[in-house]
1. If a residue counts only when it is of a type in the set (Lys, Arg), which strands (runs of 3 or more DSSP E) contained entirely in the stretch A:64-183 have at least 1 such residues?
2. Can you find a residue that is at the interface with chain B (Cβ under 8 Å from one of its Cβ atoms) and of a type in the set (Val, Ile, Thr) anywhere in the stretch A:72-92?
3. Out of the residues in the stretch B:121-141 meeting the condition of being without any contact (Cβ under 8 Å) to a residue 60 or more places away in the chain and part of a loop (DSSP other than H, G, I, E, B), tell me which one is nearest to B:Ile22 (Cα to Cα).
4. Report yes if A:Leu113 is closer than 23 Å to A:Ile189 by Cα, more than 9 Å from every other protein chain (Cβ to nearest Cβ) and of a type in the set (A, V, I, L, M), otherwise no.
5. Return the residues of the stretch A:66-98 that are of a type in the set (S, T, N, Q) and more than 15 Å from A:Val204 (Cα to Cα); say none if nothing qualifies.
6. Output yes when any residue across the stretch B:7-21 is more than 27 Å from A:Ala92 (Cβ to Cβ) and either loosely packed, with under 15 Cβ neighbours inside 10 Å or modelled with pLDDT of 80 or more (or both), and no when none is.
7. What are the residues in the stretch B:201-234 that are over 19 Å from B:Leu115 (Cβ atoms), within 15 Å of the chain's Cα centre (by Cα) and not aliphatic (A, V, I, L, M), if any?
8. Which ones in the stretch A:199-214 are in contact (Cβ under 8 Å) with a residue 60 or more places away in the chain and touching a strand residue (DSSP E or B) at 6+ places or on another chain (Cβ under 9 Å)?
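The values are calculated or read from the model by the stated rules, or taken from the named source; none is laboratory data. Because the structure is a prediction, the values reported are computed rather than measured. FYI the Cβ positions are ideal-geometry reconstructions off the backbone, even for glycines, and counts take in every protein chain you see.
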Amino acid sequence: MGRGHQAIETPSLAAGAPALEVAGLIHDFGAKRALDNVAFSIEPGDFTVLLGLNGAGKTTLYSLITRLYNNRSGSIKIFGYDVRKQSSQALARIGVVFQQPTLDLDLTVAQNLHYHAALHGMSRREAQSRLEAELARIDLLDRAHEKVRALSGGQRRRVEIARALLHRPKLLLLDEPTVGLDIGSRQAIVAHVRKLCREEKLAVLWATHLIDEVSDDDRVVVLHLGRVLAAGPVPEVMRKSGAAHVREAFTNLIEKAGKP
Amino acid sequence: MSLIHYYRCLVGIVWREALRFIHQRERFLSALVRPLIWLLVFAAGFRSVLGVSIIPPYDTYVTYEVYIAPGLIGMIQLFNGMQSSLSMVYDREMGSMRTLLVSPLPRWYLLVCKLLAGTAVSVLQVYAFLVIAWFFDIQPPLWGYLTVLPALVVSGLMLGALGMLLSSWIKQLENFAGVMNFVIFPMFFASSALYPLWKMHDSSETLYYICLYNPFTAAVEIVRFALYGQVNWPYLGYAAVATLVFLGAAIYGYDPARGLLARKAGAGAMG
(Lines give C-alpha, C1' and ligand atoms only; values in the text may rest on other atoms or scores of the structure.)
Protein backbone atom coordinates (compact mmCIF):
# COMPACT_ATOMS: atom_id res chain seq x y z
CA MET A 1 0.00 0.00 0.00
CA GLY A 2 1.49 3.28 -1.14
CA ARG A 3 1.72 5.98 1.46
CA GLY A 4 1.21 8.67 -1.14
CA HIS A 5 -1.96 7.05 -2.26
CA GLN A 6 -3.23 6.96 1.29
CA ALA A 7 -2.32 10.61 1.88
CA ILE A 8 -4.31 11.73 -1.13
CA GLU A 9 -7.29 9.61 -0.36
CA THR A 10 -7.58 10.13 3.39
CA PRO A 11 -8.81 13.74 3.67
CA SER A 12 -11.64 13.20 1.23
CA LEU A 13 -12.58 10.07 3.16
CA ALA A 14 -12.60 11.93 6.45
CA ALA A 15 -14.61 14.92 5.30
CA GLY A 16 -18.30 14.27 5.67
CA ALA A 17 -17.77 10.66 6.74
CA PRO A 18 -19.90 9.32 9.58
CA ALA A 19 -18.32 9.51 13.02
CA LEU A 20 -18.66 5.75 13.27
CA GLU A 21 -19.66 3.32 10.59
CA VAL A 22 -19.96 -0.37 11.36
CA ALA A 23 -20.80 -2.70 8.48
CA GLY A 24 -21.22 -6.45 8.19
CA LEU A 25 -19.41 -7.09 11.46
CA ILE A 26 -19.14 -10.71 12.50
CA HIS A 27 -17.13 -11.98 15.45
CA ASP A 28 -16.82 -15.43 16.96
CA PHE A 29 -15.35 -16.66 20.20
CA GLY A 30 -14.55 -20.24 19.28
CA ALA A 31 -17.81 -21.82 18.23
CA LYS A 32 -19.91 -19.10 19.78
CA ARG A 33 -21.00 -16.25 17.54
CA ALA A 34 -20.73 -13.06 19.59
CA LEU A 35 -21.65 -10.57 16.87
CA ASP A 36 -23.65 -11.47 13.79
CA ASN A 37 -23.66 -9.08 10.82
CA VAL A 38 -23.80 -5.93 12.94
CA ALA A 39 -24.28 -2.70 11.00
CA PHE A 40 -25.14 0.87 12.01
CA SER A 41 -23.67 4.34 11.78
CA ILE A 42 -23.45 7.46 13.91
CA GLU A 43 -23.24 11.04 12.67
CA PRO A 44 -21.44 13.88 14.47
CA GLY A 45 -23.71 15.33 17.16
CA ASP A 46 -25.72 12.10 17.54
CA PHE A 47 -26.36 10.70 20.99
CA THR A 48 -26.79 7.01 20.23
CA VAL A 49 -27.73 4.50 22.89
CA LEU A 50 -26.53 0.94 22.34
CA LEU A 51 -29.22 -0.91 24.20
CA GLY A 52 -28.88 -4.56 25.08
CA LEU A 53 -29.15 -7.00 27.96
CA ASN A 54 -26.03 -8.38 29.60
CA GLY A 55 -24.40 -10.78 27.17
CA ALA A 56 -25.84 -9.03 24.10
CA GLY A 57 -22.32 -8.38 22.77
CA LYS A 58 -21.93 -4.73 23.72
CA THR A 59 -18.48 -5.08 25.26
CA THR A 60 -17.31 -7.26 22.38
CA LEU A 61 -18.43 -4.54 19.98
CA TYR A 62 -16.54 -1.90 21.99
CA SER A 63 -13.43 -4.06 22.07
CA LEU A 64 -13.53 -4.33 18.28
CA ILE A 65 -14.17 -0.60 17.74
CA THR A 66 -11.24 0.25 20.02
CA ARG A 67 -9.08 -2.46 18.41
CA LEU A 68 -8.37 -4.40 21.55
CA TYR A 69 -8.69 -7.18 19.05
CA ASN A 70 -9.34 -7.23 15.35
CA ASN A 71 -12.54 -7.85 13.51
CA ARG A 72 -12.08 -10.76 11.12
CA SER A 73 -14.93 -9.83 8.81
CA GLY A 74 -16.85 -6.64 8.18
CA SER A 75 -15.51 -3.15 8.64
CA ILE A 76 -15.37 -0.46 11.31
CA LYS A 77 -14.60 3.09 10.23
CA ILE A 78 -14.09 6.14 12.41
CA PHE A 79 -14.51 9.35 10.42
CA GLY A 80 -13.64 7.30 7.36
CA TYR A 81 -10.53 5.70 8.86
CA ASP A 82 -10.55 1.91 8.97
CA VAL A 83 -9.82 0.79 12.53
CA ARG A 84 -7.82 -2.20 11.34
CA LYS A 85 -5.82 -0.62 8.54
CA GLN A 86 -5.45 2.97 9.75
CA SER A 87 -5.62 2.29 13.44
CA SER A 88 -3.50 5.24 14.59
CA GLN A 89 -5.67 7.81 12.81
CA ALA A 90 -8.84 6.06 13.92
CA LEU A 91 -7.79 5.66 17.58
CA ALA A 92 -6.60 9.28 17.79
CA ARG A 93 -10.18 10.39 17.09
CA ILE A 94 -11.96 8.45 19.80
CA GLY A 95 -12.30 8.92 23.51
CA VAL A 96 -13.19 5.81 25.51
CA VAL A 97 -14.76 5.26 28.91
CA PHE A 98 -14.57 1.59 29.75
CA GLN A 99 -16.96 -0.37 31.86
CA GLN A 100 -14.31 -1.14 34.48
CA PRO A 101 -12.70 1.72 36.38
CA THR A 102 -9.36 2.50 34.78
CA LEU A 103 -7.90 5.30 36.86
CA ASP A 104 -4.80 4.71 38.95
CA LEU A 105 -6.12 5.05 42.48
CA ASP A 106 -2.74 5.88 44.03
CA LEU A 107 -1.99 8.70 41.61
CA THR A 108 -3.58 12.12 41.71
CA VAL A 109 -6.28 13.21 39.29
CA ALA A 110 -3.80 15.44 37.46
CA GLN A 111 -1.18 12.67 37.23
CA ASN A 112 -3.74 10.33 35.70
CA LEU A 113 -4.69 12.91 33.11
CA HIS A 114 -1.06 13.79 32.31
CA TYR A 115 -0.36 10.11 31.67
CA HIS A 116 -3.22 9.92 29.20
CA ALA A 117 -2.06 13.16 27.51
CA ALA A 118 1.43 11.70 27.08
CA LEU A 119 0.01 8.59 25.42
CA HIS A 120 -1.66 10.90 22.94
CA GLY A 121 1.54 12.84 22.33
CA MET A 122 0.44 16.09 23.93
CA SER A 123 3.05 18.48 25.29
CA ARG A 124 3.15 19.06 29.03
CA ARG A 125 1.91 22.64 28.65
CA GLU A 126 -0.92 21.72 26.31
CA ALA A 127 -1.91 18.89 28.63
CA GLN A 128 -1.97 21.25 31.60
CA SER A 129 -4.29 23.75 29.94
CA ARG A 130 -6.54 21.00 28.57
CA LEU A 131 -6.84 19.25 31.91
CA GLU A 132 -7.65 22.49 33.67
CA ALA A 133 -10.40 23.18 31.14
CA GLU A 134 -11.86 19.68 31.38
CA LEU A 135 -11.66 19.51 35.18
CA ALA A 136 -13.29 22.94 35.46
CA ARG A 137 -16.13 21.64 33.30
CA ILE A 138 -16.83 18.82 35.75
CA ASP A 139 -16.27 21.04 38.83
CA LEU A 140 -13.28 19.08 40.04
CA LEU A 141 -10.48 21.50 39.28
CA ASP A 142 -9.88 22.14 42.98
CA ARG A 143 -9.29 18.43 43.51
CA ALA A 144 -6.74 17.99 40.74
CA HIS A 145 -3.97 17.22 43.21
CA GLU A 146 -5.87 14.76 45.34
CA LYS A 147 -5.46 11.05 44.92
CA VAL A 148 -8.19 9.40 42.90
CA ARG A 149 -8.80 7.10 45.88
CA ALA A 150 -10.25 10.10 47.74
CA LEU A 151 -12.98 10.68 45.13
CA SER A 152 -16.47 9.18 45.12
CA GLY A 153 -17.60 6.73 42.45
CA GLY A 154 -19.49 9.38 40.54
CA GLN A 155 -16.56 11.80 40.65
CA ARG A 156 -14.20 9.10 39.37
CA ARG A 157 -16.51 8.49 36.44
CA ARG A 158 -16.58 12.18 35.63
CA VAL A 159 -12.77 12.26 35.72
CA GLU A 160 -12.72 9.33 33.31
CA ILE A 161 -14.99 11.25 30.95
CA ALA A 162 -12.77 14.34 31.27
CA ARG A 163 -9.77 12.14 30.51
CA ALA A 164 -11.45 10.64 27.45
CA LEU A 165 -12.00 14.18 26.11
CA LEU A 166 -8.49 15.46 26.81
CA HIS A 167 -7.16 14.94 23.29
CA ARG A 168 -10.32 16.49 21.77
CA PRO A 169 -11.80 13.37 20.17
CA LYS A 170 -14.93 13.79 18.09
CA LEU A 171 -16.35 10.40 18.98
CA LEU A 172 -16.94 9.37 22.58
CA LEU A 173 -17.53 5.71 23.41
CA LEU A 174 -18.92 4.82 26.81
CA ASP A 175 -19.47 1.22 27.90
CA GLU A 176 -22.07 1.05 30.68
CA PRO A 177 -20.61 4.15 32.34
CA THR A 178 -23.19 4.30 35.12
CA VAL A 179 -22.74 0.78 36.46
CA GLY A 180 -22.39 0.77 40.22
CA LEU A 181 -23.38 4.42 40.69
CA ASP A 182 -26.24 5.71 42.82
CA ILE A 183 -29.23 7.22 41.10
CA GLY A 184 -28.17 10.85 41.62
CA SER A 185 -24.69 10.31 40.13
CA ARG A 186 -26.20 8.32 37.28
CA GLN A 187 -28.51 11.13 36.28
CA ALA A 188 -25.75 13.72 36.61
CA ILE A 189 -23.45 11.73 34.31
CA VAL A 190 -26.12 11.14 31.68
CA ALA A 191 -26.99 14.85 31.70
CA HIS A 192 -23.32 15.83 31.49
CA VAL A 193 -22.63 13.68 28.43
CA ARG A 194 -25.83 14.84 26.70
CA LYS A 195 -24.72 18.42 27.22
CA LEU A 196 -21.28 17.64 25.75
CA CYS A 197 -22.95 16.04 22.78
CA ARG A 198 -25.07 19.15 22.16
CA GLU A 199 -22.46 21.80 22.83
CA GLU A 200 -19.40 20.18 21.27
CA LYS A 201 -21.14 18.39 18.41
CA LEU A 202 -19.66 15.19 19.82
CA ALA A 203 -20.84 11.88 18.49
CA VAL A 204 -21.62 9.63 21.45
CA LEU A 205 -22.14 5.88 21.63
CA TRP A 206 -23.56 5.04 25.03
CA ALA A 207 -23.90 1.35 25.85
CA THR A 208 -26.36 0.40 28.56
CA HIS A 209 -28.91 -2.17 29.64
CA LEU A 210 -30.88 0.47 31.55
CA ILE A 211 -33.83 1.61 29.49
CA ASP A 212 -34.44 4.68 31.62
CA GLU A 213 -31.21 6.13 30.23
CA VAL A 214 -32.82 6.40 26.79
CA SER A 215 -34.57 9.67 25.94
CA ASP A 216 -36.95 10.36 23.06
CA ASP A 217 -34.47 12.60 21.25
CA ASP A 218 -31.84 9.88 21.07
CA ARG A 219 -31.03 7.39 18.44
CA VAL A 220 -30.96 3.80 19.56
CA VAL A 221 -29.32 0.59 18.40
CA VAL A 222 -30.96 -2.47 19.95
CA LEU A 223 -28.47 -5.32 20.22
CA HIS A 224 -29.65 -8.78 21.22
CA LEU A 225 -27.58 -11.99 21.19
CA GLY A 226 -25.10 -10.37 18.84
CA ARG A 227 -27.65 -9.11 16.31
CA VAL A 228 -29.01 -5.62 15.68
CA LEU A 229 -32.79 -5.85 16.06
CA ALA A 230 -33.50 -2.19 15.35
CA ALA A 231 -31.58 1.02 14.74
CA GLY A 232 -32.71 4.60 14.28
CA PRO A 233 -34.30 7.52 16.10
CA VAL A 234 -36.24 6.40 19.18
CA PRO A 235 -39.71 7.51 17.89
CA GLU A 236 -39.16 5.60 14.67
CA VAL A 237 -38.09 2.43 16.46
CA MET A 238 -41.20 2.72 18.70
CA ARG A 239 -43.48 3.22 15.71
CA LYS A 240 -42.06 0.27 13.80
CA SER A 241 -42.46 -2.07 16.74
CA GLY A 242 -45.95 -0.74 17.49
CA ALA A 243 -45.07 0.45 20.97
CA ALA A 244 -46.07 3.52 22.94
CA HIS A 245 -42.93 3.59 25.03
CA VAL A 246 -39.31 2.68 24.41
CA ARG A 247 -39.45 0.05 27.15
CA GLU A 248 -42.36 -1.64 25.43
CA ALA A 249 -40.59 -1.41 22.07
CA PHE A 250 -37.52 -3.08 23.55
CA THR A 251 -39.56 -5.88 25.12
CA ASN A 252 -41.48 -6.44 21.88
CA LEU A 253 -38.32 -6.62 19.84
CA ILE A 254 -36.65 -9.06 22.18
CA GLU A 255 -39.69 -11.30 22.45
CA LYS A 256 -40.00 -11.37 18.69
CA ALA A 257 -36.35 -12.28 18.31
CA GLY A 258 -36.83 -15.10 20.81
CA LYS A 259 -34.24 -17.18 22.55
CA PRO A 260 -31.21 -18.58 20.75
CA MET B 1 2.45 10.45 14.35
CA SER B 2 5.65 12.42 14.78
CA LEU B 3 8.80 11.42 16.60
CA ILE B 4 8.01 13.84 19.41
CA HIS B 5 4.77 11.93 19.96
CA TYR B 6 6.76 8.70 20.41
CA TYR B 7 9.12 10.43 22.79
CA ARG B 8 6.34 11.95 24.91
CA CYS B 9 4.64 8.59 25.11
CA LEU B 10 7.82 6.90 26.36
CA VAL B 11 8.39 9.62 28.96
CA GLY B 12 4.77 9.36 30.09
CA ILE B 13 4.91 5.60 30.57
CA VAL B 14 8.26 5.62 32.41
CA TRP B 15 7.08 8.51 34.59
CA ARG B 16 3.88 6.67 35.56
CA GLU B 17 5.83 3.50 36.39
CA ALA B 18 8.18 5.53 38.58
CA LEU B 19 5.27 7.22 40.37
CA ARG B 20 3.61 3.88 41.02
CA PHE B 21 6.88 2.50 42.32
CA ILE B 22 7.27 5.39 44.73
CA HIS B 23 3.72 4.91 45.96
CA GLN B 24 4.12 1.18 46.51
CA ARG B 25 6.59 1.32 49.39
CA GLU B 26 5.91 -2.26 50.43
CA ARG B 27 6.97 -3.46 47.03
CA PHE B 28 10.25 -1.60 47.26
CA LEU B 29 10.85 -2.78 50.79
CA SER B 30 10.21 -6.42 49.99
CA ALA B 31 12.38 -6.13 46.89
CA LEU B 32 15.23 -5.20 49.25
CA VAL B 33 14.47 -7.40 52.23
CA ARG B 34 14.23 -10.61 50.21
CA PRO B 35 17.80 -10.64 48.86
CA LEU B 36 19.15 -9.25 52.14
CA ILE B 37 17.74 -12.21 54.04
CA TRP B 38 19.45 -14.54 51.60
CA LEU B 39 22.65 -12.62 51.95
CA LEU B 40 22.71 -12.22 55.72
CA VAL B 41 21.13 -15.47 56.82
CA PHE B 42 21.34 -18.08 54.10
CA ALA B 43 24.83 -17.15 52.90
CA ALA B 44 26.16 -16.92 56.45
CA GLY B 45 24.87 -20.40 57.18
CA PHE B 46 26.25 -21.91 54.02
CA ARG B 47 29.57 -20.14 54.02
CA SER B 48 31.28 -22.98 55.83
CA VAL B 49 29.50 -25.73 53.94
CA LEU B 50 30.31 -24.56 50.44
CA GLY B 51 33.80 -23.68 49.39
CA VAL B 52 34.11 -21.70 46.22
CA SER B 53 37.28 -22.22 44.29
CA ILE B 54 38.81 -19.55 42.12
CA ILE B 55 36.73 -19.21 38.96
CA PRO B 56 36.40 -16.27 36.54
CA PRO B 57 35.78 -13.41 36.98
CA TYR B 58 37.25 -13.69 40.50
CA ASP B 59 41.04 -13.67 40.72
CA THR B 60 41.16 -14.72 44.33
CA TYR B 61 39.15 -16.77 46.75
CA VAL B 62 35.85 -15.06 47.48
CA THR B 63 33.44 -15.55 50.31
CA TYR B 64 30.14 -17.24 49.62
CA GLU B 65 28.36 -13.91 50.15
CA VAL B 66 30.38 -12.33 47.38
CA TYR B 67 29.65 -15.30 45.14
CA ILE B 68 25.87 -15.18 45.52
CA ALA B 69 25.54 -11.36 45.30
CA PRO B 70 25.06 -11.39 41.49
CA GLY B 71 22.51 -14.17 41.91
CA LEU B 72 20.60 -12.03 44.37
CA ILE B 73 20.75 -9.10 41.97
CA GLY B 74 19.25 -11.43 39.36
CA MET B 75 16.61 -12.41 41.90
CA ILE B 76 15.63 -8.76 42.37
CA GLN B 77 15.22 -8.34 38.64
CA LEU B 78 13.41 -11.64 38.26
CA PHE B 79 10.89 -10.69 40.93
CA ASN B 80 10.51 -7.25 39.42
CA GLY B 81 9.94 -8.71 35.97
CA MET B 82 7.30 -11.09 37.30
CA GLN B 83 5.70 -8.38 39.40
CA SER B 84 5.38 -5.98 36.50
CA SER B 85 4.00 -8.88 34.50
CA LEU B 86 1.44 -9.53 37.17
CA SER B 87 0.69 -5.84 37.40
CA MET B 88 -0.02 -5.98 33.69
CA VAL B 89 -2.48 -8.78 34.24
CA TYR B 90 -3.91 -6.78 37.11
CA ASP B 91 -3.92 -3.63 34.95
CA ARG B 92 -5.75 -5.50 32.27
CA GLU B 93 -8.32 -6.73 34.73
CA MET B 94 -8.69 -3.26 36.11
CA GLY B 95 -8.82 -1.84 32.64
CA SER B 96 -5.88 0.54 32.68
CA MET B 97 -4.01 -1.79 30.34
CA ARG B 98 -6.92 -1.11 28.03
CA THR B 99 -6.40 2.63 28.16
CA LEU B 100 -2.79 2.01 27.15
CA LEU B 101 -3.70 -0.33 24.31
CA VAL B 102 -6.35 1.94 22.78
CA SER B 103 -3.96 4.88 22.51
CA PRO B 104 -2.91 5.65 18.95
CA LEU B 105 0.75 4.56 18.82
CA PRO B 106 1.56 1.05 17.54
CA ARG B 107 1.08 -1.62 20.12
CA TRP B 108 4.61 -3.03 19.86
CA TYR B 109 5.93 0.40 20.77
CA LEU B 110 3.64 0.70 23.78
CA LEU B 111 4.84 -2.70 25.04
CA VAL B 112 8.50 -1.74 24.53
CA CYS B 113 7.91 1.46 26.52
CA LYS B 114 6.31 -0.57 29.29
CA LEU B 115 9.29 -2.93 29.28
CA LEU B 116 11.80 -0.08 29.45
CA ALA B 117 9.88 1.47 32.33
CA GLY B 118 9.90 -1.81 34.28
CA THR B 119 13.61 -2.24 33.63
CA ALA B 120 14.38 1.25 34.88
CA VAL B 121 12.60 0.45 38.13
CA SER B 122 14.50 -2.84 38.53
CA VAL B 123 17.85 -1.09 38.01
CA LEU B 124 16.98 1.38 40.78
CA GLN B 125 16.16 -1.52 43.10
CA VAL B 126 19.48 -3.22 42.34
CA TYR B 127 21.51 -0.10 43.12
CA ALA B 128 19.66 0.30 46.42
CA PHE B 129 20.59 -3.32 47.22
CA LEU B 130 24.23 -2.77 46.23
CA VAL B 131 24.49 0.22 48.52
CA ILE B 132 23.25 -1.78 51.52
CA ALA B 133 25.31 -4.83 50.55
CA TRP B 134 28.47 -2.71 50.58
CA PHE B 135 28.14 -2.45 54.35
CA PHE B 136 28.13 -6.24 54.54
CA ASP B 137 31.40 -6.66 52.70
CA ILE B 138 30.05 -7.05 49.19
CA GLN B 139 32.54 -4.59 47.79
CA PRO B 140 33.27 -4.93 44.12
CA PRO B 141 35.75 -2.43 42.64
CA LEU B 142 34.30 1.06 42.49
CA TRP B 143 34.19 1.23 38.71
CA GLY B 144 32.30 -2.05 38.82
CA TYR B 145 29.26 -0.07 39.94
CA LEU B 146 29.40 1.71 36.60
CA THR B 147 30.30 -1.21 34.35
CA VAL B 148 27.48 -3.29 35.82
CA LEU B 149 24.88 -0.84 34.52
CA PRO B 150 24.69 -2.06 30.89
CA ALA B 151 24.53 -5.65 32.13
CA LEU B 152 21.68 -4.74 34.47
CA VAL B 153 19.82 -3.14 31.59
CA VAL B 154 20.18 -6.29 29.46
CA SER B 155 19.22 -8.67 32.26
CA GLY B 156 16.35 -6.39 33.30
CA LEU B 157 15.03 -6.28 29.76
CA MET B 158 15.30 -10.04 29.38
CA LEU B 159 13.52 -10.89 32.63
CA GLY B 160 10.95 -8.13 32.05
CA ALA B 161 10.23 -9.45 28.56
CA LEU B 162 9.80 -12.94 30.02
CA GLY B 163 7.29 -11.55 32.50
CA MET B 164 5.47 -9.73 29.73
CA LEU B 165 5.30 -12.93 27.71
CA LEU B 166 3.81 -14.75 30.69
CA SER B 167 1.27 -11.98 31.22
CA SER B 168 -0.02 -12.39 27.68
CA TRP B 169 -0.73 -16.03 28.51
CA ILE B 170 -2.07 -15.77 32.03
CA LYS B 171 -5.83 -15.93 31.86
CA GLN B 172 -6.91 -14.18 34.98
CA LEU B 173 -5.63 -12.32 37.92
CA GLU B 174 -3.81 -15.16 39.60
CA ASN B 175 -2.04 -15.19 42.88
CA PHE B 176 1.67 -14.84 43.05
CA ALA B 177 2.15 -18.34 44.41
CA GLY B 178 1.69 -19.98 41.03
CA VAL B 179 4.35 -17.82 39.45
CA MET B 180 6.63 -18.42 42.45
CA ASN B 181 6.34 -22.18 42.17
CA PHE B 182 6.45 -22.60 38.44
CA VAL B 183 8.70 -19.77 37.30
CA ILE B 184 10.72 -18.03 39.98
CA PHE B 185 11.89 -20.98 42.10
CA PRO B 186 12.82 -23.29 39.21
CA MET B 187 14.66 -20.51 37.39
CA PHE B 188 16.47 -19.37 40.50
CA PHE B 189 17.57 -22.77 41.78
CA ALA B 190 18.47 -24.23 38.40
CA SER B 191 21.02 -21.54 37.74
CA SER B 192 24.46 -20.39 38.76
CA ALA B 193 22.98 -18.01 41.35
CA LEU B 194 23.72 -20.11 44.42
CA TYR B 195 26.47 -22.53 43.26
CA PRO B 196 29.02 -22.59 40.47
CA LEU B 197 27.90 -24.77 37.60
CA TRP B 198 30.87 -27.15 37.92
CA LYS B 199 29.48 -28.21 41.27
CA MET B 200 26.21 -29.04 39.59
CA HIS B 201 28.12 -30.99 36.94
CA ASP B 202 29.52 -33.24 39.64
CA SER B 203 26.02 -34.09 40.86
CA SER B 204 24.00 -34.47 37.69
CA GLU B 205 24.87 -33.92 34.07
CA THR B 206 21.25 -33.34 33.03
CA LEU B 207 20.76 -30.71 35.67
CA TYR B 208 24.05 -29.15 34.65
CA TYR B 209 22.80 -28.62 31.10
CA ILE B 210 19.47 -27.29 32.31
CA CYS B 211 21.33 -24.77 34.46
CA LEU B 212 23.74 -23.96 31.66
CA TYR B 213 20.96 -23.02 29.24
CA ASN B 214 18.69 -21.39 31.80
CA PRO B 215 18.28 -17.76 30.69
CA PHE B 216 18.47 -16.76 34.34
CA THR B 217 22.02 -18.13 34.47
CA ALA B 218 22.83 -15.78 31.61
CA ALA B 219 21.43 -12.85 33.58
CA VAL B 220 23.44 -13.78 36.68
CA GLU B 221 26.69 -14.38 34.80
CA ILE B 222 26.67 -11.17 32.76
CA VAL B 223 26.05 -9.23 35.95
CA ARG B 224 28.78 -11.19 37.81
CA PHE B 225 31.37 -10.42 35.13
CA ALA B 226 30.28 -6.80 34.66
CA LEU B 227 30.68 -6.13 38.38
CA TYR B 228 34.40 -6.76 37.81
CA GLY B 229 34.60 -4.82 34.57
CA GLN B 230 34.55 -7.92 32.39
CA VAL B 231 32.21 -9.11 29.67
CA ASN B 232 30.89 -12.63 29.44
CA TRP B 233 30.30 -12.58 25.68
CA PRO B 234 28.60 -15.96 25.21
CA TYR B 235 26.03 -15.23 27.91
CA LEU B 236 25.62 -11.63 26.78
CA GLY B 237 24.75 -12.86 23.28
CA TYR B 238 22.47 -15.50 24.75
CA ALA B 239 20.67 -12.91 26.90
CA ALA B 240 20.24 -10.56 23.94
CA VAL B 241 18.73 -13.30 21.80
CA ALA B 242 16.50 -14.46 24.65
CA THR B 243 15.28 -10.88 25.15
CA LEU B 244 14.31 -10.58 21.50
CA VAL B 245 12.58 -13.96 21.52
CA PHE B 246 10.60 -13.22 24.70
CA LEU B 247 9.66 -9.74 23.53
CA GLY B 248 8.68 -10.93 20.07
CA ALA B 249 6.48 -13.63 21.56
CA ALA B 250 4.92 -11.12 23.98
CA ILE B 251 4.13 -8.70 21.15
CA TYR B 252 2.62 -11.62 19.27
CA GLY B 253 0.52 -12.44 22.30
CA TYR B 254 -0.79 -8.89 22.50
CA ASP B 255 -1.33 -8.52 18.75
CA PRO B 256 -4.93 -7.62 18.06
CA ALA B 257 -5.08 -9.78 14.94
CA ARG B 258 -3.66 -13.08 16.12
CA GLY B 259 -3.72 -12.30 19.72
CA LEU B 260 -4.59 -14.21 22.77
CA LEU B 261 -6.66 -11.29 24.04
CA ALA B 262 -9.43 -12.17 21.62
CA ARG B 263 -9.51 -15.83 22.52
CA LYS B 264 -9.32 -14.99 26.18
CA ALA B 265 -12.11 -12.46 25.97
CA GLY B 266 -14.51 -15.32 25.40
CA ALA B 267 -14.16 -16.14 29.07
CA GLY B 268 -15.17 -12.87 30.60
CA ALA B 269 -15.71 -9.85 28.40
CA MET B 270 -18.92 -10.70 26.67
CA GLY B 271 -21.07 -8.05 28.39
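1. Qualifying strands (runs of 3 or more DSSP E): A:73-78.
2. Scanning the stretch A:72-92, I find no residue that is at the interface with chain B (Cβ under 8 Å from one of its Cβ atoms) and of a type in the set (Val, Ile, Thr), so the answer is no.
3. Among residues in the stretch B:121-141 that are without any contact (Cβ under 8 Å) to a residue 60 or more places away in the chain and part of a loop (DSSP other than H, G, I, E, B), the one nearest to B:Ile22 (Cα to Cα) is B:Phe135.
4. Taking the combined requirement at face value, the residue satisfies it.
5. Hits for the stretch A:66-98 are A:Asn70, A:Asn71, A:Ser73, A:Ser75, A:Gln86, A:Ser87, A:Ser88, A:Gln89.
6. yes
7. Within the stretch B:201-234, B:Asn214, B:Thr217, B:Glu221, B:Arg224 meet the criteria.
8. Matches in the stretch A:199-214: A:Leu202, A:Ala203, A:Val204, A:Leu205, A:Trp206, A:Ala207, A:Thr208, A:His209, A:Ile211, A:Glu213, A:Val214.
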